[in-house]
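To start, the structure under review is shown below, and the notes come after it.
The values are calculated or read from the model by the stated rules, or taken from the named source; none is laboratory data. Since the model is a prediction, treat every value here as computed from it, not as a measurement. Cβ: placed from backbone, ideal geometry, glycine included. Neighbour counts: every protein chain shown.
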Amino acid sequence: MTSRPPAEIGMPLVEVDTPALLVDLEALERNLRRLGDRARELGVRIRPHAKTHKSPTIARKQIALGAVGVCCQKVSEAEALVTGGIGDVLVSNEVVGRQKLERLAALGREARIGVCVDEPENVAAVGAAARAYGVVLDVLVEINVGANRCGVEPGEPALALAERVAGTSGLRLRGLQAYHGSAQHLRGYEERRAAIAAAALKAERTATLLKSRGLACEVVAGAGTGTYAFEAATGVYNELQAGSYVFMDADYAKNLAADGAPVREFEHALFVYATVMSKPNSERAVLDAGLKAVSVDSGMPRLVGREDAEFVRASDEHGVLRLKESNRPLAVGQKLRLIPGHCDPTVNLYDWYVGYRGERVEAISPIARGPGN
């Protein structure tokens, strides 16, 4: 059962119940425009990753600004997006299991649907599901370009799999998925650039091999918020899948630009709103936002505008702050904004976005995970 929204449109921000997931609408809009403009400058397509926001509303804004469609990681996310009116969705991941494949193929009756593969048995299963539903599914062969997660090895192994896809009815070979996820958070500018240069070389050699055998390779996809400009500069990638840029998080803000300063291309637009629920002494305060309100897999959240307090520990329902001497002491009942360390899993903890402009709530929007898994 979906929880009730923690706010009402028009109410002052200070009255929003906590914990709540806030979106600064002006910062979000600037982020969306900025990547759209950059993609046009770089001459590449963008297919933003909707696993970050899980919102058909935001996806529609991205498409209106030039995106060719969106991608996601799960069938349930794809279902929510298609139900929300998105007509071109890539599941940039492998989908395994009869139930999920049937749901994926069923979506092909309503929208253009793509999926990634990295082994022959899955190719056969995806093709069987597509034929059973009378649809054709787009397929990208995922190659391992350095992340050592999913993906067939580049070169001849990828060629053999691509030939299998091309020979399977119900499937349309589109090209390669070459995402280097672990490169996104390499802090140094040169580290990130070198990692993507190595990935692009693997992708380019594999794409050339496919084309030499007469196989389609219209798309070489990948890239994320931390590296998308590097992929675009290679001339190999032509479809970029950045996702976190819409919100940004504390972890991405640690990446460094060429001059050694933190990257500031996109703005923080997503916040966990929390209330001080206890202040046992002058050195400690406790918020009503713990592990069930903010993901800490990429580090603790940062407080907005409070250099005199540090979020140091989270338990299920409590977030513990270490306090420094300050002429702005915190009081029980005071509300604070937190920048999550990792935006994607934080979003997954909530049912609603509370969108605000200035100091008032302007929009309440559901977070659309979709049914099932």
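Which residues, taken from segment 80-95, are more than 24 Å from GLU121 (Cα to Cα) and not in a loop (DSSP other than H, G, I, E, B)? Spell out how you get there, then give the answer.
Let us first name the residues in segment 80-95 that are more than 24 Å from GLU121 (Cα to Cα), namely 80-88.
Once the filter is applied, which keeps residues that are more than 24 Å from GLU121 (Cα to Cα) and not in a loop (DSSP other than H, G, I, E, B), segment 80-95 yields ALA80, LEU81, VAL82, THR83, ASP88.
With the requirement that a residue be in contact (Cβ under 8 Å) with a residue 60 or more places away in the chain and out of contact with any Pro (no Cβ under 9 Å at 6 or more places or on another chain), what does segment 232-259 give you?
Of the residues in segment 232-259, the ones in contact (Cβ under 8 Å) with a residue 60 or more places away in the chain are 232-233, 237-258.
Answer for segment 232-259, where residues must be in contact (Cβ under 8 Å) with a residue 60 or more places away in the chain and out of contact with any Pro (no Cβ under 9 Å at 6 or more places or on another chain): ALA232, ALA233, TYR237, ASN238, GLU239, SER244, MET248, TYR252, ALA257, ALA258.
Name the residue that is surrounded by the fewest Cβ atoms within 10 Å (Cβ to Cβ), counting only residues in segment 319-373 that are of a type in the set (A, V, I, L, M) and assigned to a loop (DSSP other than H, G, I, E, B). Step through it out loud before you land on a result.
So the first thing to find is which residues in segment 319-373 are of a type in the set (A, V, I, L, M), and the list is 320-321, 323, 330-332, 336, 338-339, 347, 349, 354, 361, 363-364, 367-368.
When the remaining residues are screened for being assigned to a loop (DSSP other than H, G, I, E, B), the result is 330-332, 349, 367-368.
Details: LEU330: 19, ALA331: 9, VAL332: 11, LEU349: 17, ILE367: 17, ALA368: 21.
Among them, the one singled out is ALA331.
Considering only residues that are touching a helix residue (DSSP H, G or I) at 6+ places or on another chain (Cβ under 9 Å) and not aliphatic (A, V, I, L, M), look in segment 303-346 and name the one that is nearest to ARG284 (Cα to Cα).
The extreme case among them is LYS335.
How many residues are out of contact with any Asp or Glu (no Cβ under 9 Å at 6 or more places or on another chain) and of a type outside the set (A, V, I, L, M, F, W, C) if we restrict to segment 279-296?
First pass over segment 279-296, keeping only residues out of contact with any Asp or Glu (no Cβ under 9 Å at 6 or more places or on another chain): 279-281, 283-287, 294, 296.
Checking which are of a type outside the set (A, V, I, L, M, F, W, C) leaves us with 279-281, 283-284.
Final tally of qualifying residues: 5.
Say we look at segment 221-266 and pick out the residues that are of a type in the set (D, E, K, R) and farther than 30 Å from ARG205 by Cα; which of these is surrounded by the most Cβ atoms within 10 Å (Cβ to Cβ)?
ASP249
Can you spot a residue in segment 271-289 that is more than 28 Å from GLU317 (Cβ to Cβ) and touching a residue at least 12 places away in the same chain (Cβ under 8 Å)? So that I can check it myself, show each step before the final result.
At the first step, the residues of segment 271-289 found to be more than 28 Å from GLU317 (Cβ to Cβ) are none.
Checked against the condition, which is being more than 28 Å from GLU317 (Cβ to Cβ) and touching a residue at least 12 places away in the same chain (Cβ under 8 Å), segment 271-289 yields no hits at all.
Given the conditions (1) farther than 17 Å from ILE339 by Cβ; (2) crowded, with 18+ Cβ neighbours inside 10 Å, which single one is not true for ALA309?
(1)
Assess whether ALA166 counts as being under 27 Å from VAL75 (Cα atoms) and either in contact with a helix residue (DSSP H, G or I) (Cβ under 7 Å, 6 or more places away or on another chain) or not assigned by TED's automatic domain parsing to the domain that holds GLY97 (or both).
Details: under 27 Å from VAL75 (Cα atoms): yes; either in contact with a helix residue (DSSP H, G or I) (Cβ under 7 Å, 6 or more places away or on another chain) or not assigned by TED's automatic domain parsing to the domain that holds GLY97 (or both): no.
Taking the combined requirement at face value, the residue does not satisfy it.
Looking at (1) out of contact with any His (no Cβ under 7 Å at 6 or more places or on another chain); (2) without any contact (Cβ under 8 Å) to a residue 40 or more places away in the chain, can you tell me which one GLU362 breaks?
(2)
Looking at LEU104, LEU65, LEU32, LEU81, which is the one that is crowded, with 23+ Cβ neighbours inside 10 Å and touching a Leu at 6+ places or on another chain (Cβ under 8 Å)? Write out each step before concluding.
Details: LEU65 fails: crowded, with 23+ Cβ neighbours inside 10 Å; LEU32 fails: crowded, with 23+ Cβ neighbours inside 10 Å; LEU81 fails: touching a Leu at 6+ places or on another chain (Cβ under 8 Å).
LEU104 is the lone residue from the list that is crowded, with 23+ Cβ neighbours inside 10 Å and touching a Leu at 6+ places or on another chain (Cβ under 8 Å).
May I ask you to list the residues in segment 16-53 that are under 21 Å from ARG357 (Cα atoms) and among the charged types (D, E, K, R)?
If the condition is that a residue be under 21 Å from ARG357 (Cα atoms) and among the charged types (D, E, K, R), then ASP17, ASP24, GLU26, GLU29, ARG30, ARG33, ARG34 are the ones that fit.
Of the residues that make up segment 348-356, is at least one in contact with a helix residue (DSSP H, G or I) (Cβ under 7 Å, 6 or more places away or on another chain) and aromatic (Phe, Trp, Tyr)?
So the first thing to find is which residues in segment 348-356 are in contact with a helix residue (DSSP H, G or I) (Cβ under 7 Å, 6 or more places away or on another chain), and the list is 355-356.
Of the ones still in play, those that are also aromatic (Phe, Trp, Tyr) are 356.
Within segment 348-356, one or more residues are in contact with a helix residue (DSSP H, G or I) (Cβ under 7 Å, 6 or more places away or on another chain) and aromatic (Phe, Trp, Tyr).
Of (1) touching a residue at least 60 places away in the same chain (Cβ under 8 Å); (2) in a strand (DSSP E or B), HIS53 satisfies all except one. Which?
In the conditions (1) touching a residue at least 60 places away in the same chain (Cβ under 8 Å); (2) in a strand (DSSP E or B), HIS53 misses (2) alone.
Only one of GLU142, GLU190, GLU156 is crowded, with 22+ Cβ neighbours inside 10 Å and not aromatic (Phe, Trp, Tyr). Can you tell me which? Spell out the reasoning first.
Working: GLU190 fails: crowded, with 22+ Cβ neighbours inside 10 Å; GLU156 fails: crowded, with 22+ Cβ neighbours inside 10 Å.
Exactly one residue qualifies, and that residue is GLU142.
Looking at (1) among the aliphatic types (A, V, I, L, M); (2) in contact with a strand residue (DSSP E or B) (Cβ under 8 Å, 6 or more places away or on another chain); (3) farther than 22 Å from SER244 by Cβ, which is the only condition ALA106 fails?
Single failed check for ALA106: (2).
Given the structure, is SER3 closer than 30 Å to PRO301 by Cβ and at pLDDT below 95? Walk me through it before giving the result.
Values: closer than 30 Å to PRO301 by Cβ: yes; at pLDDT below 95: yes.
In short, yes.
Taking the conditions exactly as written (crowded, with 19+ Cβ neighbours inside 10 Å and among the hydroxyl-bearing types (Ser, Thr, Tyr)), does SER298 satisfy them or not? Write out each step before concluding.
Working: crowded, with 19+ Cβ neighbours inside 10 Å: yes; among the hydroxyl-bearing types (Ser, Thr, Tyr): yes.
Yes.
Select from segment 96-128 the residues that are assigned to a helix (DSSP H, G or I) and farther than 18 Å from PRO371 by Cβ and list them in ascending order. Break it down stepwise before answering.
Of the residues in segment 96-128, the ones assigned to a helix (DSSP H, G or I) are 98-107, 120-128.
Once the filter is applied, which keeps residues that are assigned to a helix (DSSP H, G or I) and farther than 18 Å from PRO371 by Cβ, segment 96-128 yields PRO120, GLU121, ASN122, VAL123, ALA124, ALA125, VAL126, GLY127, ALA128.
Going by the conditions given, is ASP316 surrounded by fewer than 19 Cβ atoms within 10 Å (Cβ to Cβ) and within 30 Å of LYS54 (Cβ to Cβ)?
Numbers: surrounded by fewer than 19 Cβ atoms within 10 Å (Cβ to Cβ): yes; within 30 Å of LYS54 (Cβ to Cβ): yes.
In short, yes.
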